[in-house]
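Nothing in this text is a laboratory measurement; each read-out follows from the coordinates by a stated rule. All of these numbers come straight from a predicted model, not from anything done at the bench. Heads up, the Cβs are rebuilt from the backbone with ideal geometry, glycines too, and the neighbour counts pull from every protein chain shown.
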Amino acid sequence: MILAELQGITKSYAGVPVLRGVDFAVRTGEIHALLGGNGAGKSTLMKILSGLVAPTAGQVLIGGRRLLSSQPQAAHASGLYLVPQETHLFAHRTVLENVAMGMPLPPRAYAARVAELARGLGVDLPLGARGATLEVADRQIVEILRGLLREARVLVFDEPTSALTPHEAGALFDRMRALREAGVGQVFISHKLHELRAVSDRITVLRDGMVVLSGPMARFSDESILAAMSPGLAAGAATRSVPPGGTGEALRLDGVSGEGFSDVSLALAPGEVLGLAGVVGAGRTELAETLVGLRPLAAGTVRLAGAPRPAAWSPRRAAEAGLVLLAEDRQRHGLFLEAANAVNLSSLMVHRLPLLLRPRREASRFEEYRRSLGIRCTGPWQAVGRLSGGNQQKVLLAKCLAVGPRVLILDEPTRGVDAAARQDIYGLIERLAASGTAVLLISSDFDEIVRLSHRIAVMAGGRLAGELPAGASPESIAALAFGAATAGRGVAAHV
Amino acid sequence: MFERLLRNRVLSLLLVAGGALAVLGLLAPGFLTAATLGSVWSSALVLLLLSLGLLPVLLTRNIDVSGGSMLGLSAAVLGLSLNAGLGLAPSIALGLLTGLGCGLLNGLLVVGLGVPSIVATLGTLGLYRGLMLIATGGRWIENLPQDLKALAARGALGISPLGLATIALAAGLALALATRRGQWVAAVGDNREAARHLGLPVRRIEALAFGWSGLCAAAAGLVYAAQIGFIPNQAGTGTELRAIAALVLGGVSLLGGSGTVAGAVVGVVFLTAVDTALVFLRVPAYWNDLIAGAVLLGVLLLDGRVRLALAARDRAARLRHGHAGRDGAR
């Protein structure tokens, strides 16, 4: 039985079509995978289904009845809930209030149920903690709990696993299977094909705002799905990068300690990609932010190309010295979402530009990167917040590259990015390394680490847990990342 | 214990205010009497009503700077009705309705037409004051009837009927904001997108907050007229900014989502107590603004420092928890 249906949905923003006549349906007891490339329109389609965005043409049917008003309340009343890709938390409210806000009873009535659902996901989340204090992964858990608590008949998950560990993702999939048994219809958006295959019954692939493939999951091979998503992509997969040719040290850390990590020693040669693996909370982001001067350095020495880091340090000085960080959370720390593409591009080097900016020079600089990185947008003056996740990430990368870094720290460079853009970014990282840039690659995706790194360091519980050579298996990385996390707990308990 | 005190803005401000009053009591014997405190309360009423009206608006991450003009216009409607021979109750009702209408118009501009609240209410700040001047011909309204003034006269416990009504209103607002639906008001200002995703009636909540602000401004106008017995054509001018200052003092965030009725009350009483104390210490009146401004800045700077330090401690604790708790859970 069809629970929710989209018929002939068309949506345009400022005359640019995002969706073109899309049909889509969710049935009872079915998990429907929705896949698509950069800006293919997946998120927009689901926002239309849940009443957050009004379609330009076409209609939304939930339980056979047409959804007239484009308001989330109407969709909720008909039993549909969307777990959005971007987390939206109430900073001043507790976790419990964040989850239960808008439910028919006061939050405390749901305390036991929310705690039970969280445990079911294998997460020990303090229900009294305020929203503002949560890290990315916990914020995502809160969004998921909101969806589970509402016991909707149709539940949409838009990239629910992008910040989760494999354990948590696995627990979520168990939960989704249980919901399927209970007859709930689910939509599952993810860029990770193996995740989609693990739970989905049916798949629909969008490309350029149109359905290019749809049917039972088992009927399609990975190759045919990837080919439908972006023709000409499947061929270039899994090429091992070359070992570094450069010598000397681009970056060296000796016994570096700071907020959230301690006693980290690493060396990085020009042209080398050093993978820094670990689970969320291992202290990698804190280390990266300390290196560029966003957090104070408590102990240890940092050398850039042999020269000790001066005491006065800031992201701008770091950039001048050739050290740049690509921030983990592009929405919160990476981009000025309301500002234009060209403005974002020059935001890290604006102090080098003339007092009066030359718009044409800015625009042409952006056009260079737009071509070389394949950024899809309407032009240099479009607000970066209007781009899709993958294209936003490319603009963020371009911003880092524009200052000509010799050491580039990439913190989760492909989070929330589709498979095609991911390939583009991998290619770019390889080209950068080949041209002599040293890259410190922070990622929780161990396949990604193995795919790109010349050497792999693993962090757990704020310490370096070990180092592995190129080609180490994702399992051996996971053993270090998770195994040492327990040891790290003993250490932390004494702090 | 000390840390809990520091974390609670209302309690710590109460402590500062109490300490300041105690020092004043020592410097100027006779200050700390029931009579002085009673006069602080009654001179705080107008500001308090305006602040209680503004609180929900700030909670939704909007602002309303037209409060002083709404106060003036509704007081003028009240005064003109009374002097035209209308009874006390219908005149008060007309005045309150005027305020409500003004507030809802603000809401319509912001919610319906999408005008940023600072722009919309700056516009109506002039508009409502202008309407008042046209209605009164620019003249003061005098000779208000005795039964209106009686509402502001001290009654039982040294509190006037209007004072009692204000206490009831504050308590009612505190209770309303604590309910399940009342929590939605702060939720809208905390994260509008989250509120939309969870299906809260965001626009209706915002519009109602503006309507409430107008209604409270009208009540402030009623108190103003009853207390001084006439209505000058600049009645209420500038009070809206003092109300914002009092709320900020009381820990209400201008960025929405955070603030309490208790904070609003303490902020207003503190600001008013400073004024009263200056009179008591025979400081020339033209010093008032300077000293009140310096006190406001001093408290906010100190509070900001304390809050930064607490946030740093929280962050450190979270990192420790992060390693011990989150990874350990796996």
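The table below gives the values:
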item: Over chain B, relative contact order from alpha-carbon pairs under 8 Å, at least 6 apart, %; result: 31
item: Once the Cα gyration tensor of the range A:98-191 is diagonalised, semi-axes √(5λ) in Å; result: 20, 17, 12
item: Chain B: calculated mean residue ellipticity at 222 nm from DSSP helix runs of at least 4, using -39500 (n - 2.57); result: -24000 deg cm²/dmol
item: Compactness relative to 2.2 N^0.38 Å, alpha carbon Rg of the protein assembly as shown; result: 1.08
item: Convex hull per residue volume in Å³, alpha carbons only, for the range B:7-144; result: 163
item: Amide proton proximity set for A:Ala4, modelled H, under 5 Å, gap of 5+; result: A:Val26, A:Gly63
item: Where only alpha carbons of the range A:251-493 are counted, the Rg and the Dmax (Å); result: 17.8, 57
item: Cα-based equivalent ellipsoid of chain A: semi-axis lengths in Å, sorted from largest, via gyration tensor; result: 38, 27, 22
item: Other protein chain Cβ atoms within 10 Å, averaged over every residue that makes up A:125-138; result: 2
item: Whether chain B is rounded, prolate or oblate, judged on the alpha carbon gyration tensor where a/c under 1.5 counts as rounded; result: oblate
item: Paramagnetic label zone (point 7 Å from Cα along Cα-to-C-beta, B:Leu86; backbone N under 16 Å) in the range B:227-271; result: none
item: Amide hydrogen neighbours beyond the local backbone of A:Val211, cut-off 5 Å, H modeled; result: A:Asp23
item: Relative contact order of chain A, defined on C-alpha pairs under 8 angstrom at six or more residues apart (%); result: 15
item: Cα-based Lys pair tally, the protein assembly as shown, threshold under 29 Å, eight or more apart or on separate chains; result: 11
item: Long-range amide H partners of A:Asp263 with built H, under 5 Å; result: A:Val256, A:Ser257, A:Gly258
item: Residue-averaged beta-carbon neighbours from other chains (10 angstrom radius) around B:185-193; result: 5
item: Listed residue (B:Leu14, B:Leu78, B:Leu278) projecting farthest to the positive dipole end of the range B:2-325, Cβ model; result: B:Leu14
item: Order by protection proxy (mean Cβ within 10 Å, highest first), peptides A:349-357, A:255-263, A:119-127; result: A:255-263, A:119-127, A:349-357
item: Degrees, to the nearest 10: B:88-107 long Cα axis against longest axis of chain B; result: 40
item: Mean residue ellipticity (222 nm) of chain A, computed from DSSP H runs ≥ 4 via -39,500 (n - 2.57), nearest 500; result: -10000 deg cm²/dmol
item: Inter-centroid distance (Cα atoms) of the range B:29-60 relative to the range A:318-354, Å; result: 48
item: Distance in nm between pseudo-label sites at B:Asn8 and A:His167 (7 Å out along the Cβ direction from Cα); result: 3.8
item: The range A:2-232: relative contact order as a whole-number percent, Cα under 8 Å and 6+ apart; result: 28
item: Alpha carbon centroid spacing (whole Å) that separates the range A:358-403 from the range A:141-217; result: 31
item: Helix B:67-83 axis, angle to chain B major axis (alpha carbon atoms, nearest 10°); result: 30
item: C-alpha long axis of helix B:34-59 to longest principal axis of chain B, angle in °; result: 70
